[in-house]
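Shown next, in structure tokens, is the structure this report addresses.
The values are calculated or read from the model by the stated rules, or taken from the named source; none is laboratory data. For clarity, every value in this text was computed on a predicted model and none was experimentally measured. Counting neighbours? That spans all protein chains shown, and the Cβs are built from the backbone with ideal geometry, glycine included.
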């Protein structure tokens with residue numbers, strides 16, 4: 001009999017935004033069931049959260065190490081098949097590393113680690129384990145992002161020349177931005193960067209995913225506008241790419257009034273594309289030879305990769321949750337393949353994306369703090 005995929009979670013307790021998003025996205029898949037977890041550092045609040053999620057009390061653990069031990073003590077057909085890690089940044093590496101070593105598949109929130117040394121160690125652990133690893137960069141899950149990727153692969157844009165990305169938020173403009181802000185501006189929990197680790201890594205990863213181009217050099221100006229804050233809350237990074245293209249990432253969490261304004265524009269010698277997270281159903285295509293075109297999700301002309309992650313007919317908007325769900329769907333498909341002894345073929349960010357984002361963060365922090373014009377990755 002076909003069984004649901006058994007999921008565990010570390011983090012994502014009461015009031016945690018991203019943990020709830022992950023759970024909702026997993027439920028959208030239909031064949032993933034949350035059966036175990038650690039939902040916070042306080043055992044009582046973790047148990048209370050578990051009750052609300054219908055997780056059995058005997059599968060709620062005091063910490064991730066106890067969870068590994070407890071799950072391994074269960075029969076193979078009862079224990080979790082993968083863990084979703086939705087903690088603050090400093091816990092991503094130790095938890096992912098431990099679960100992989102114990103023989104569990106891992107889906108982890110970004111950034112993957114606190115530095116590139118940890119990222120490379122995690123890669124070695126993953127390769128030794130033979131398990132699956134996914135890194136949650138949810139924007140790769142949007143259909144029209146995949147459409148842009150396919151058009152570039154097909155040569156529609158010609159040689160890529162310029163890539164501009166803006167990711168603007170206003171929620172950290174105040175020094176009292178609430179519980180979700182506390183750990184993101186704490187170096188002990190967030191790592192070497194604040195804003196750029198939180199949203200700048202999305203920009204770097206999305207460029208890499210859509211274009212396939214590697215960033216070779218960066219020139220960065222990171223800033224902290226809120227008095228007393230230890231990490232950057234704003235940044236601008238000039239980019240040089242392996243093919244000679246140029247680009248810029250503007251990321252800010254103090255852009256007052258902005259909500260989640262994520263825009264990517266890619267210019268080639270033949271055409272250009274533009275995608276906006278706030279209107280994700282559309283992919284704008286421009287050229288010098290004909291009027292602007294707008295490709296719509298799930299209409300004629302969209303590629304197979306884009307259609308595959310569409311859940312509803314055109315005209316019925318899909319968005320943020322569905323993008324997360326498409327990552328979970330692809331990862332779940334690989335777990336089904338794993339059960340059947342088949343090779344994974346899923347389209348989702350992984351270990352190399354995690355290594356790339358850490359090298360990017362380290363380079364921009366070094367450059368912004370130093371006096372060199374350009375820093376090589």
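Values as computed for the structure displayed
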| quantity | calculated |
| --- | --- |
| Residues located in segment 282-310, provided they are in contact with a helix residue (DSSP H, G or I) (Cβ under 9 Å, 6 or more places away or on another chain), part of a loop (DSSP other than H, G, I, E, B) and at pLDDT 90 or above | 297, 298, 302, 303, 309, 310 |
| Count - residues of segment 335-354 that are assigned to a helix (DSSP H, G or I) and either at positive phi or buried (at least 19 other Cβ atoms within 10 Å of the Cβ) (or both) | 4 |
| Enumerated strands (runs of 3 or more DSSP E) restricted to segment 74-158, each holding at least 1 residues that are more than 30 Å from residue 273 (Cβ to Cβ) | 82-86, 105-109 |
| For residue 95: the one exception among (1) farther than 20 Å from residue 40 by Cβ; (2) in contact (Cβ under 8 Å) with a residue 12 or more places away in the chain | (1) |
| Identity of the residue in segment 62-90, surrounded by fewer than 16 Cβ atoms within 10 Å (Cβ to Cβ) and in contact with a helix residue (DSSP H, G or I) (Cβ under 8 Å, 6 or more places away or on another chain), that ends up farthest from residue 330 (Cα to Cα) | 62 |
| Filter result for residue 58 (closer than 22 Å to residue 197 by Cα and surrounded by fewer than 22 Cβ atoms within 10 Å (Cβ to Cβ)) | no |
| Yes/no for residue 78 being at pLDDT below 95 and within 18 Å of residue 338 (Cβ to Cβ) | no |
| Counted residues, segment 346-364 - those being under 16 Å from residue 200 (Cβ atoms) and in contact with a strand residue (DSSP E or B) (Cβ under 7 Å, 6 or more places away or on another chain) | 6 |
| Test: residue in segment 40-61 that is touching a helix residue (DSSP H, G or I) at 6+ places or on another chain (Cβ under 6 Å), free of Cβ contacts under 8 Å to residues at least 40 places away in the same chain and assigned to a loop (DSSP other than H, G, I, E, B) | yes |
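Residue-wise test of (1) in contact (Cβ under 8 Å) with a residue 40 or more places away in the chain; (2) farther than 28 Å from residue 89 by Cα; (3) in the same structural domain as residue 20 (by TED's automatic domain parsing).
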{"site": "290", "(1), (2), (3)": "no, yes, no"}
{"site": "313", "(1), (2), (3)": "no, yes, no"}
{"site": "338", "(1), (2), (3)": "yes, yes, yes"}
{"site": "346", "(1), (2), (3)": "yes, no, yes"}
{"site": "361", "(1), (2), (3)": "yes, no, no"}
{"site": "376", "(1), (2), (3)": "yes, no, no"}
